[in-house]
Structure formats: C-alpha cells, structure tokens
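These notes concern the structure reproduced below.
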Amino acid sequence: MNKKHIDELNIAEENKIVRDNINNLNDEYNVYITIFDDDFNKEKIPYALKDNISLKGKRMTAGSKYLKSYISPYNATVVDRLNDKYNVVGKTNLDSFAFGSSTENSGYFITKNPYDKSRVAGGSSGGSAAAVGLNMATFALGTDTGGSVRLPASFCGVVGYKPTYGLLSRYGLAAMGSSLDVPGIISRSVYDCSYVLNSLISKDPKDVQTYESEVNDFTQFNISGKPKIGLIKELNTQLFTNMMGKDVYSNYLSSIKLLSQDFDFVEISFKDIEYSLPAYYIITPSEISSNMARYDGIRFGGDEAKHNSIDEIYYSGRELFEDEVKRRIFIGNFSLSSGYADKYYENAVSIRNEIRNKLSDIFNSIDAIFLPTSPNVAFEIGSKTTNPVEMYMEDIFTVSANIAGIPAISIPSGFNEKHLPIGMQLFAKRKDDFKLLSFANRCEEIFNFNND
Amino acid sequence: MTRKIKPIIGLEIHVQLKTKTKMFCSCDTQYFHSEPNSHMCPVCLGLPGALPVPNKEGIKLSVKSGLALNCTINNYSRWDRKNYMYPDLFKGYQITQYVYPIASNGYVDINLPASTGNNSKKKRIRILRAHLEEDTAKSIHETDYTLIDGNKAGVPLLEIVSEPDMNSSEEAKLYAQKVYNTLIYAGVSDCDLEKGQMRFDVNVNIEVVDEYEDKTITRVTPIVEMKNMNSFADMVSAIEFEFQRQEKELDETNIEKAAGNKTTRGWNSLKSRTFLLRSKEEAEDYRYFPEPDLLPVYIDDVDIDKIQEEIGDLPDKIYDDLSNMNFPDEIVTMYTSSYIYYKYLKETLQYIDNINVYTFIKNELKSVTGENPYILNPEFCAEIIRLLIEKRITNLVAKDLINLSIESGLSPIQLANDKKLFTTIEGLDEQVIEVIRENADAVNNYKGGKESSLMFLVGQVMKKAKGRTDPVTAKEKLLKLLKEDLK
C-alpha cells in the first residue's frame, strides 16, 4: 500500500493504480456496485463513495434492490465539499440501507475481505473499507450509525473515523438512524483522514444538527504531556472476555503495553456499555421504521405494474426489501407503537441519556477511552447470517460512541496468527475530534502497522 | 317524556401560513396557478438523504397567530414525527408538534346574535392549542387512478384545536369566522377557503337528556369527526345533519360514546348528507417520536414581545373602537369583517383624518370598487373626500370622480379641473330658467300646491348642471326664481 501521504501523491499515477486495481479486482472482491469508467479525472484524487450517499445524476441503490434504478438528482454536502480536489470513482457496496455488519445483507453481493476472500469485509461500509484496503481508491467515505465505518475498517486493516455527531453534514445520506448517523472517512492513515476532514468541516445550512468546527486544520497533530487514557474495567469481566476472540483480547493487552510510553492508562468504570447495544437496537430500528416509510413504490422503487389498490402498490414494492430491512422495520414499528413505546422506545431513550451523562462524567477526568473495535476479527462469510442477534453483537464496542454522539476512530493495531487485521478504537469527548486524531496518529506511529 | 338535546362541538382548524417558502425547504409557496408538481425539491419530495430546515418566518407567523388567538406562546416547542402511510404524504411521516405545541391555552370571544328583545351577548370559546406542521400533497382521485400534486406538500400549516365549547352549528360557524377574521387581520394567512388555505375538521356529538316522570336518562353519542370541510355553509349543514343522524342512531342502537368508538365521516355537498369514511379511528397508531432531524424551537419573551408589537388591530379591538365612536352596526361590521377595507380605511385616514372617511368608503366607494378598494389609490380617495368636505364638489361628482380616477389613474383634483366639475353658481340662473321653461307642467303643479314637484325640478336643475351645483343652492335659486315668476 502506498505509504505516501495523500498530499504527496502523484495524482496521475495514483489514478492509474486505482483504476487498474478496480479493473482487476472488482469482480473478485465485489467492492463497487457502480463504477464510473468515464469519469476518471487525472487532476483529482480518486475516492470511493458508499452507495447510500447521493451523487448528482448517478444511481444510488443504498445496497438495496429496491432502489436499483433510483438516480439522485442532487449531491450530498460531503460530496460537494470534496469536489474541488477529489473525484468519485465508484459507489461502494454496503448492507442494504446500511443495516448490517458484513455486507451480507446487500441486495447485490457480498464484499470479500482483502486479506481472505472467504471472509467478510465487515459492514455496513464494507465496500468502502475494502476499496481502501485493496487500493481501489485513495480513501473512501462511509456512514457510521453504530460502527459501520470503524468495524469494516478494522476488518480490512485500514483507518476508520466516525466524527462527533454534527461535525459533518448528513445532507444527502440515505437516513438510517437519524439521531446517530454520521458520514465517516476510511483511509490508509490518520493523516490522510485528517487531511480529507479539512475539506469537509464547517456548518451546513442544510443540516441543522451541524456545528462550526473550532479547528481548521486537523493535520497539525498536537499532544501536550502524557494524555490520560481510560481502559474500561468491565471489558475484563467474563461477559466481554467470553465474547472476545483471544486474538483480539491479547492484541488489546499488548497494544496497551506498547502505548504506555506515550499515554497514561487509567482504569475507568463504564458499566453501561453493556446496555448500549440493546438501547441501540431499539432506537435505531425505531428511527429506521419511520425513515423507510418514504419507500412507498410511488416516486421510486416498486414496479411499473398496474395495481388495484394503494396497499398493493406498497406490498409489491416492499417485497424487494431485503430480510434485515423488513426485520428492522418490524422491530421499529413495534417499539414505537402505542402500549409498547413506554417499555421499548422511551426506555431506550432514557438509557441513551444515561450513557451520555456517564460518558461525559468519565471525560471529566480522562482524555480518551481505548478499546477494541470489534470483539472478533473478520469472520467467515455465512457464519453469522442465521443468527441476527449474534451479528448485532459485533457492534458491542462501537455503538456507544454513536449513542453518545462522541467521536471515535479505529486504527489497525496488528494481525492475528492467520494474518487477519485487528483494530483498536479511541473515543474522545464530544467535539474533541482534533485530540482524538492527534492521539490516533501517535498510536498509528507506535503500532507501525504494515498493511502490505 | 320530554327530550332535550345539547350538541357538543369542537373544531380543529388548519390554516396555511403565508410564508414565501415552504416550512422545511425553499420551494415557493405561490403554487395556486402553477403546473402540478412544479414546486418541489428533494426535501419536500422526501428523497433519500434530504433534510428539513425550519422556516423562521413560519415560526414567527405561528407565534403571531397564537398571540392573536390569546394563547400562551411556549418558550420551548418541539418537532415530532407523525407516522402514517398515504400517497400524499411523501416521507411517510408528517413533521408536527405533538407533545410540545408552539401555542396553548387561548380563546376567542364570539358574539351570539340577539334573540328577540335581547342584546347580543358574548361567549368565550377556549383554544386548547395551536401547533405548526407541514401540509401534505394533494390527491386527485379519478375513476380508476389517483394523481398526486406535490406543490402544496410542505406548506406551513397551523392547526388550531378548540375545546368542545360550541353548542350549536351557529356557534361553530361564528367561532370559525372569528378565527378566520382574526388570522386575516393578524396578517398570517389569507385564509382563502376556496384555495384550501383554511380547512375545518369538526368533532360533533350530542347529549340527549330524556326526562320521564320518575327519572331522567342522559346519553351521549359517539364522537364523529368530519374532516377537511372548506366552507362555513357546508360546515353548518353537516353539523345539522349529524345532530339528526346521531339522535336517530342513538334511538336505534343505544350505542353511547366510549373509548375507541369515534368515527370519521365525510360531507357530500351534492346529497347534503354525511357518509362514513373510517370507523374506530382511534385505533390508528401514529407512533409519534421526536423528529431527530430538527432541533427544538426556543423563543424567548423578548422575541415574543417584539412579534406582539408587529400585530396590527384585530377585529375585537376595531369593534370596540368603532362602537365607542357610535358608528352604526353596518359600518362596524364592514370594518371588522373585511380586512382589505379596514386596511384601506387606515391608509386613507393617513391622508385625511376625518370621520367622513369611514362612511364614504362604505357608502360611496365600495359599490364601485367591490372586492378590491385598491383599484383607487387611497390618496386619491382622500382627495375626493377632502373636496366633498370643503363642499367644492357634490356627491354626484364625487361618484364620477371615483370612476374617472380609477379609469385614468389621474388625481381627482386634476380631473375636476380638467373636466370642470367643481361646484359653481356660474350659469345657474340660466339653468334654472331653462328648467322652469321646459317643465311647465311641473311648475304649474308646484304652483298648485304640489310640493313634490319642487324636488323634481331641483333634480332637473342638478341634471342640467351635471352635478356642478349642490341641491341646496339649486333649490334656493329655484324658489327665488319661481317666486319672482309668481309676481
């Protein structure tokens, strides 16, 4: 993989490499759903766009057969902001509507892991992570609602960054869980990520949840003194050690040792991490059930056939929804329905508030939290598809950052004995993205991960 | 057995606020004569990835409405999603304010008409809440297909919910008209019923009290909601129809109001009857939850006060002011029910502050200008009134000047000069003599003691003078010359 920083690349050369790799590898790894052959631009850096982000005049499937012929008439804000320097080379595969952790829920195909084709690339931004891992793009944009950028990044041995909720605009991202969705960056290095981030920031009038960043240049990494990093005490309990692969757990422990030169590790208690997953899997489907209602088969999706009633139109179109999409709509509608909303939706919201408060307390005494990105390395294709809950468990370490709206990043920290990459995460407090990236950059230097 | 029936009526009034752009996007709201589906964008069309951005003017106009309806404006209000699927609701949910509305606890007073011998009396109708939401698209149902026009999707809509305080169709009508007038005067909506800018959902049921010799039985019928009525007359007819239908149904079925037995009915204006649309409407589950794409609305008291100051005179105040000035009912009614004429009055008063302005506009101007007084510039209207007050023109000339000024766009003074319309005694002698000569019969009749013939002769003089003389002067001159002639 090219070790040069993104601003040191020979752009024409980079375009050639990326294009050759796309031509040679896409059929083998199922990275892109749509490739823009004619749109290569030798003056711009080539990047990959997750196919749930709008690109004007181009098809956006969101990974679902339902939107197989939907052409977006407008650009997402993140795309607009990258247009000067960067060029989209293709739209990458994802779990249908970003619901999943492996791209196995894609309506098109399963993206394969760059390190082992029998394994998943992770999800939902699996195509974007594999594109970067396979040098089929200089970097990629994904979306992260519960770990969808960080998890596949860790499976593919690349950097995956989820900004603070509101730092980057959601305008143009097919909504999943609107209160948690953020665009994220998948890149070869923390530097590249920060460099791209510089073009994306500043408040967007089209997304009222965005705010103005106080930092303009995220590449001027700066660490003062020896930062305090929290280690979650509860991760050492059986609940989590049973869940975690031995490879991941030992990498976690050895990573801490490696980093101790530069960081001061302290133990913290974050018991609520246990409840973050159930809260997430109530709040997100609830918002999903509402966000998916627009897919009614009238303006897009559905078929052209003549139907006898409006219900027939709804049903015929929605049959195209993949199983996980249907499952989440059901769960969400149930969680919000009268008589059950108290028990499920309202309850999950109060857990979310508790987690937010707890994390904000924790960050009063420390600078960041360090934890694995995923309990396991990339798993075999098909090994978890029969049990959705087991699949959901892959998100256990990532979702609390979304629930709290805080920034998080996954950086490759090493390999297991099968040469499958492992990723470690940093969490920082809300709007502390600059600190997070500075720490991540230092960790990256120390890990000296060789992703060739 | 004697039976007493007490109707119970509550209204939900939907009003389109007159913002330039839609509530959550920048599409133009002036869609009335536009091509269907021409005022649309990714946001109001509900395309994947589009996000709503609240229209500040929409929020301001709802605060204004709330204040005009004597509501408390809430410093904190919040957006919720109301989830239901229907082809005219593109996102599959409506952005509304379910839990925390922008305004609550208001009222309007209605004037109940005088029953024989009594003066009219006031009744207060309480307003529970007013909340802001977005309008849906329009469904156009044809025999075997339905068309959708999205131009109105996303237009700001204020829903004003009354308490069930009305006890007759008349009261419901007066309440609806009061809200209608108040909002027009507050400048928040044109409330054009034909354009659907104001629609009524009417909740009706009746309390039936049967008094027997030994006992009294009170029964209340299930609530019926009639949706989307857009005329006061239809509303009254539908309510009246429901009173009878519900009484009959109660006698037949004995089914009383209970949780979950509210039904929805529509009004067929051709057949003059209501028909069942949906039963057990309360079973519908809107799965409300806070809209994650938007921030709550915070309005502080300073802003509320500022908005309050921007609200012009409302019908209640105008009613009191004009009544205190001892104007007759027709004048008071006109300026409290026609905003455009009230506005015109205020503007004309800017040029000439005189009590005659109130009557002139009503008695002289309105018959010419009809719906829109502004076809005559208010400054010109003031000029004509001034000329009248100064007795430089007659009423007849004033009427002519209204028409001439409207036609030419020229100032009445200039017109009066050019066309020599100022009142003058020049030539009056000749005119009177001519009239006496030409109307020998009338002159003889007068001389024979028929007083009314004098008025005829005055009219003839006026006619000959083409309005350039006033009747008093004409009469004086006529009497004088007739007297001389008698000698």
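Which of the helices (runs of 4 or more DSSP H) contained wholly in region B:285-365 include at least 2 residues that are more than 30 Å from A:P205 (Cβ to Cβ) and within 26 Å of the chain's Cα centre (by Cα)?
In region B:285-365, B:315-324, B:329-337, B:339-351, B:356-360 are the helices (runs of 4 or more DSSP H) which contain 2 or more residues that are more than 30 Å from A:P205 (Cβ to Cβ) and within 26 Å of the chain's Cα centre (by Cα).
Check off (1) over 32 Å from the mean Cα position of the chain (by Cα); (2) in a helix (DSSP H, G or I) for B:V63 and give me the number that stays unchecked.
Tallying (1) over 32 Å from the mean Cα position of the chain (by Cα); (2) in a helix (DSSP H, G or I), B:V63 fails exactly one: (1).
Being more than 19 Å from B:P290 (Cβ to Cβ) and without any contact (Cβ under 8 Å) to a residue 60 or more places away in the chain is the filter here; which residues of region A:340-366 pass it?
A:D361, A:N364
If I ask for residues that are modelled with pLDDT under 90, part of a loop (DSSP other than H, G, I, E, B) and not charged (D, E, K, R), which ones from region B:402-428 would you list?
Correct list: B:L421, B:F422, B:T423, B:T424, B:I425, B:G427.
Only residues that are open to solvent by less than 10 Å² (accessible area, probe 1.4 Å) and over 20 Å from B:D301 (Cβ atoms): list them for region B:59-88, please.
Listed by number, the residues that qualify are B:W79, B:D80, B:R81, B:N83.
Quick one: in region B:212-226, of everything that is open to solvent by 70 Å² or more (accessible area, probe 1.4 Å) and of a type outside the set (F, W, Y), which residue is nearest to B:A258 (Cα to Cα)?
Residues of region B:212-226 open to solvent by 70 Å² or more (accessible area, probe 1.4 Å): B:212-216, B:218.
From the residues that got through so far, the ones that are of a type outside the set (F, W, Y) too are B:213-216, B:218.
Numbers: B:E213: 28, B:D214: 27, B:K215: 23, B:T216: 20, B:T218: 14 Å.
Per the criteria, the residue is B:T218.
Name, by its number, the condition in (1) of a type in the set (A, V, I, L, M, F, W, C); (2) without any contact (Cβ under 8 Å) to a residue 12 or more places away in the chain; (3) open to solvent by less than 60 Å² (accessible area, probe 1.4 Å) that does not hold for B:L404.
(2)
Quick test of your reading of the structure: A:I288 fulfils all but one of (1) closer than 20 Å to A:Y70 by Cβ; (2) facing chain B (nearest Cβ under 9 Å); (3) in a helix (DSSP H, G or I). Name the failing condition by number.
With (1) closer than 20 Å to A:Y70 by Cβ; (2) facing chain B (nearest Cβ under 9 Å); (3) in a helix (DSSP H, G or I) applied to A:I288, the lone miss is (2).
Just checking, how many residues over region A:17-43 are out of contact with any Asp or Glu (no Cβ under 8 Å at 6 or more places or on another chain) and either of a type in the set (A, V, I, L, M) or not in a helix (DSSP H, G or I) (or both)? Step through it out loud before you land on a result.
Our first condition is that a residue be out of contact with any Asp or Glu (no Cβ under 8 Å at 6 or more places or on another chain); within region A:17-43, this holds for A:17-32, A:35-43.
From what is left, the residues that are either of a type in the set (A, V, I, L, M) or not in a helix (DSSP H, G or I) (or both) are A:17-18, A:22, A:25, A:30-32, A:35-36, A:40-43.
So the count comes out to 13.
In region A:137-173, how many residues are touching a Lys or Arg at 6+ places or on another chain (Cβ under 9 Å) and away from chain B (no Cβ under 14 Å)?
Qualifying residue count for the region: 17.
With the condition kept exactly as written, say whether any residue in region B:367-387 is in contact with a Ser or Thr (Cβ under 8 Å, 6 or more places away or on another chain) and of a type in the set (F, W, Y).
yes
Kindly state which helices (runs of 4 or more DSSP H) lie completely within region A:300-414 and contain at least 3 residues that are open to solvent by less than 10 Å² (accessible area, probe 1.4 Å) and more than 25 Å from A:G122 (Cα to Cα).
Output list reads A:347-362.
Looking only at region A:319-339, filter to residues that are free of Cβ contacts under 8 Å to residues at least 60 places away in the same chain and more than 10 Å from chain B (Cβ to nearest Cβ); which one of those is farthest from A:P388 (Cα to Cα)?
Here the residue is A:E319.
Do you know which of the residues in region A:209-231 that are surrounded by fewer than 20 Cβ atoms within 10 Å (Cβ to Cβ) and under 27 Å from B:P52 (Cβ atoms) is farthest from the other protein chains (Cβ to nearest Cβ)?
Top of the filtered list is A:E214.
Being touching a Phe, Trp or Tyr at 6+ places or on another chain (Cβ under 7 Å) and under 16 Å from A:D433 (Cβ atoms) is the filter here; which residues of region A:210-235 pass it?
A:V215, A:F218, A:T219, A:I223, A:P227
Within region B:139-186, count every residue that is touching a helix residue (DSSP H, G or I) at 6+ places or on another chain (Cβ under 7 Å) and crowded, with 17+ Cβ neighbours inside 10 Å.
Of the residues in region B:139-186, 15 are touching a helix residue (DSSP H, G or I) at 6+ places or on another chain (Cβ under 7 Å) and crowded, with 17+ Cβ neighbours inside 10 Å.
Go through region A:340-358 and report how many residues are away from every other protein chain (no Cβ under 14 Å) and touching a Ser or Thr at 6+ places or on another chain (Cβ under 7 Å).
Total satisfying the criteria: 1.
Can you work out which of the residues in region A:51-87 that are open to solvent by 10 Å² or more (accessible area, probe 1.4 Å) and part of a strand (DSSP E or B) is farthest from the other protein chains (Cβ to nearest Cβ)?
Residue satisfying both the conditions and the ranking: A:N87.
Could you tell me which of the residues B:N326, B:N268, B:N254 is out of contact with any helix residue (DSSP H, G or I) (no Cβ under 9 Å at 6 or more places or on another chain), outside the structural domain of B:S120 (by TED's automatic domain parsing) and open to solvent by 20 Å² or more (accessible area, probe 1.4 Å)?
Step by step, each of B:N326, B:N268, B:N254 is checked, and only B:N326 is out of contact with any helix residue (DSSP H, G or I) (no Cβ under 9 Å at 6 or more places or on another chain), outside the structural domain of B:S120 (by TED's automatic domain parsing) and open to solvent by 20 Å² or more (accessible area, probe 1.4 Å).
For B:C41, indicate whether it is outside any strand (DSSP E or B), within 11 Å of chain A (Cβ to nearest Cβ) and surrounded by fewer than 19 Cβ atoms within 10 Å (Cβ to Cβ).
The answer is yes for B:C41.
Out of A:K228, A:K306, A:K246, A:K271, report the one residue that is over 22 Å from the mean Cα position of the chain (by Cα), among the basic types (K, R) and under 24 Å from A:R442 (Cβ atoms).
Details: A:K306 fails: under 24 Å from A:R442 (Cβ atoms); A:K246 fails: under 24 Å from A:R442 (Cβ atoms); A:K271 fails: under 24 Å from A:R442 (Cβ atoms).
Within the list A:K228, A:K306, A:K246, A:K271, the selection yields A:K228.
Any chance you could count how many residues in region B:366-384 are part of a helix (DSSP H, G or I) and open to solvent by 50 Å² or more (accessible area, probe 1.4 Å)?
Number satisfying all stated conditions: 5.
Can you report the number of residues in region A:119-136 which are in contact with a Lys or Arg (Cβ under 8 Å, 6 or more places away or on another chain) and either free of Cβ contacts under 8 Å to residues at least 60 places away in the same chain or surrounded by fewer than 24 Cβ atoms within 10 Å (Cβ to Cβ) (or both)?
Summing the residues that are in contact with a Lys or Arg (Cβ under 8 Å, 6 or more places away or on another chain) and either free of Cβ contacts under 8 Å to residues at least 60 places away in the same chain or surrounded by fewer than 24 Cβ atoms within 10 Å (Cβ to Cβ) (or both) in region A:119-136 gives 1.
Only one of (1) within 23 Å of A:A175 (Cβ to Cβ); (2) out of contact with any Gly (no Cβ under 8 Å at 6 or more places or on another chain); (3) within 14 Å of chain A (Cβ to nearest Cβ) is not met by B:N83, so which one is it?
Exception for B:N83: condition (2).
Conditions tested, residue by residue: (1) touching a residue at least 24 places away in the same chain (Cβ under 8 Å); (2) over 9 Å from the mean Cα position of the chain (by Cα); (3) not assigned by TED's automatic domain parsing to the domain that holds B:S104.
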residue	(1), (2), (3)
B:Y145	no, yes, no
B:G150	yes, yes, no
B:A153	yes, yes, no
B:S169	yes, yes, no
B:K173	yes, yes, no
B:V179	yes, no, no
B:Y185	yes, no, no
B:D192	no, no, no
B:G196	yes, yes, no
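Of the conditions (1) open to solvent by less than 10 Å² (accessible area, probe 1.4 Å); (2) within 23 Å of A:D323 (Cα to Cα); (3) of a type in the set (A, V, I, L, M, F, W, C), A:I33 clears all except one; give me its number.
(1)
Among the residues of region B:6-23 satisfying the criterion of being surrounded by fewer than 23 Cβ atoms within 10 Å (Cβ to Cβ) and either within 14 Å of chain A (Cβ to nearest Cβ) or part of a loop (DSSP other than H, G, I, E, B) (or both), which is nearest to the chain's Cα centre (by Cα)?
B:K18
With respect to the numbered conditions (1) modelled with pLDDT of 95 or more; (2) in contact with a helix residue (DSSP H, G or I) (Cβ under 6 Å, 6 or more places away or on another chain), which one is the sole condition not fulfilled by A:F415?
So the condition that A:F415 fails would be (2).
The values are calculated or read from the model by the stated rules, or taken from the named source; none is laboratory data. All figures in this text were calculated on a predicted structure; none of them were measured in a lab. A quick note on method: Cβ atoms are made from the backbone with ideal geometry, for glycine too, and the neighbour counts reach across all protein chains shown. With ligands, DNA and RNA removed, areas are computed over all heavy atoms of the protein, side chains included. Shrake-Rupley method; radii C 1.70, N 1.55, O 1.52, S 1.80 Å.
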